[in-house]
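The values are calculated or read from the model by the stated rules, or taken from the named source; none is laboratory data. None of the values given here were measured: they were computed from a predicted structure. Please note: Cβ atoms are built from the backbone with ideal geometry, for glycine as well, and neighbour counts cover all protein chains shown. The accessibility values were calculated without ligands, DNA or RNA, using every heavy atom of the protein model including side chains. Shrake-Rupley method; radii C 1.70, N 1.55, O 1.52, S 1.80 Å.
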Amino acid sequence: MQWNNWSGRHQVEADTLTFVRREEDAAAFVSEYAKSGKTIRVAGSGHSHAPIVVNNEAILDVSGLSGIISVDSEARSAWVRAGSTIYSLGVQLHEQGLALRNQGDIDRQQLGGVIATGTHGTGSKLKNISGSVLGVQLILADGSIVNCSADEESDLFQVARLSIGSVGVVTRVEMQLTESAVLQESGEPMSYDEVAPRIPEFIEGNERWEFFWFPGNDQAVTKAINPSSEPASYPLAEEGSRRAYSFEVLPNHRPVPHTEMEYSIPAESGPECFARIRELIHTKFPDVEWPVEYRTIAEDDIWLSMAGGRPTVSISVHQDVRLDEEPYYRACEEIFLSYGGRPHWGKVHYLSRDEFARIYPRWEDWWRVRDQYDPKGTFLNEHLRNIRPD
Ligand SMILES: Cc1cc2nc3c(=O)[nH]c(=O)nc-3n(C[C@H](O)[C@H](O)[C@H](O)COP(=O)(O)OP(=O)(O)OC[C@H]3O[C@@H](n4cnc5c(N)ncnc54)[C@H](O)[C@@H]3O)c2cc1C
């Protein structure tokens with residue numbers, strides 16, 4: 001049965017593409033299938049650019065495991081089924097006066113998918129979405145269901161809250177939330193020369209700030225998003241001037257199929273690294289039309305987080321999915337790595353196991369714990385086996 005990712009770049013014929021509606025069914029499927037010695041990859045919404053769902057044995061579609069299980073209004077937290085899409089959670093949480101602390105550029109992904117890859121939005125004081133995970137429930141390769149958190153099976157928690165889908169089927173996630181509040185978005189076009197010297201000032205002065213730089217005209221479209229005391233305004237304005245609740249303002253419509261490489265680098269190197277990418281495009285890749293995006297992420301303590309142990313800036317390059325992006329992305333990757341960059345787990349990279357071992361201090365620990373809970377490699381695919389330590 002055929003599975004393909006959002007952009008169509010990754011297409012695979014799997015032995016089985018199984019859709020589950022209940023955790024019991026998922027657990028029974030995993031324990032039966034794993035006995036055959038074959039591998040299983042879980043599919044979320046398929047919005048990853050890296051081949052991290054691709055598998056020619058089993059692909060398990062968990063979109064049927066969706067919905068909010070319980071809400072603790074006082075603690076501002078909730079247990080949520082991992083197959084819930086971010087957009088469906090937005091409105092349901094809002095009805096309880098709550099919201100995710102931050103979101104990415106789009107909201108079509110599933111919660112299980114976003115936490116598996118360290119998906120993030122922008123905001124120098126806002127962590128990636130894995131950074132709001134308080135607890136995880138998952139199905140292991142033998143079909144058993146386990147819970148983990150900072151206080152219970154804490155090593156498993158380190159792996160499960162950013163797992164690249166490689167330790168089991170995440171069925172439930174406990175999320176730290178925030179009060180649902182109105183945000184005002186303000187978009188402003190500026191020349192690159194105007195933006196570049198003011199990047200630290202804009203980041204400091206806004207709760208969320210980012211920009212897209214367009215190589216063709218050397219213009220940046222900047223976007224600031226801040227809390228507002230004004231009421232939400234409907235119908236929603238165009239992207240760049242919306243005023244509404246966070247779940248309505250943070251996500252955007254990004255329908256044009258593309259590929260993407262994104263690296264996270266130490267925040268202090270962001271402006272200089274960006275300037276090098278701009279120079280690379282102008283001198284070596286003048287035909288690139290797709291923009292380059294600049295965002296910020298707060299530091300966290302997650303073993304495989306792109307923002308682990310350091311305040312972070314992410315820089316993303318894009319290309320039309322019909323074009324060969326490799327020479328361009330490889331040249332960008334060389335620059336990103338020279339600044340200590342870490343690739344986004346859901347986007348394109350060309351790194352080897354040795355390079356990962358160099359850039360993640362807890363790389364071996366992450367694999368040791370993963371292997372302990374899945375010794376036969378049931379939840380690995382070729383992409384992961386290729387970077388597994390020898
Ligand atoms: C248009 C577009 C915009 C994007 N914007 C952003 C952005 O703003 N910020 C950002 O950081 N990223 C962004 N991304 C990347 C995207 O958020 C990640 O790739 C994310 O993982 C996709 O989620 P998904 O539900 O589609 O998961 P999939 O791509 O289907 O799967 C991703 C990984 O999660 C695993 N997985 C999924 N569900 C489960 C589960 N229940 N249990 C165990 N493992 C699971 C899969 O096995 C796989 O390893 C964007 C991607 C696209 C295409």
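Points to keep in mind about this one:
- Matching helices (runs of 4 or more DSSP H) fully within segment 290-390 where at least 2 residues are within 15 Å of the ligand (Cβ to nearest atom) and open to solvent by less than 10 Å² (accessible area, probe 1.4 Å): 363-373
- Scanning segment 24-54 for residues that are in a loop (DSSP other than H, G, I, E, B), hydrophobic (A, V, I, L, M, F, W, C) and in contact with a helix residue (DSSP H, G or I) (Cβ under 8 Å, 6 or more places away or on another chain) turns up Ala50, Ile52, Val54.
- Each residue in segment 33-52 was checked for being under 24 Å from Gly135 (Cβ atoms), open to solvent by less than 20 Å² (accessible area, probe 1.4 Å) and within 6 Å of the ligand (Cβ to nearest atom), and 3 of them qualify.
- Ser7 falls short of the stated requirement of being touching a residue at least 24 places away in the same chain (Cβ under 8 Å), surrounded by fewer than 19 Cβ atoms within 10 Å (Cβ to Cβ) and part of a helix (DSSP H, G or I).
- Qualifying residue in segment 156-168 (condition: more than 18 Å from Thr119 (Cα to Cα) and away from the ligand (no atom under 14 Å from the Cβ)): no
- If the condition is being open to solvent by less than 50 Å² (accessible area, probe 1.4 Å), assigned to a loop (DSSP other than H, G, I, E, B) and farther than 30 Å from Lys38 by Cβ, then segment 141-194 contributes Ser180, Ala181.
- Screening Pro257 on (1) open to solvent by less than 70 Å² (accessible area, probe 1.4 Å); (2) free of Cβ contacts under 8 Å to residues at least 40 places away in the same chain shows it passes everything except condition (2).
- Of all residues in segment 201-211, one or more are open to solvent by less than 80 Å² (accessible area, probe 1.4 Å), within 17 Å of His318 (Cβ to Cβ), not charged (D, E, K, R) and not in a loop (DSSP other than H, G, I, E, B).
- Listed conditions (1) more than 29 Å from Gly37 (Cα to Cα); (2) out of contact with any Pro (no Cβ under 6 Å at 6 or more places or on another chain); (3) touching a residue at least 24 places away in the same chain (Cβ under 8 Å); (4) not polar (S, T, N, Q) are all met by Asp107, apart from (2).
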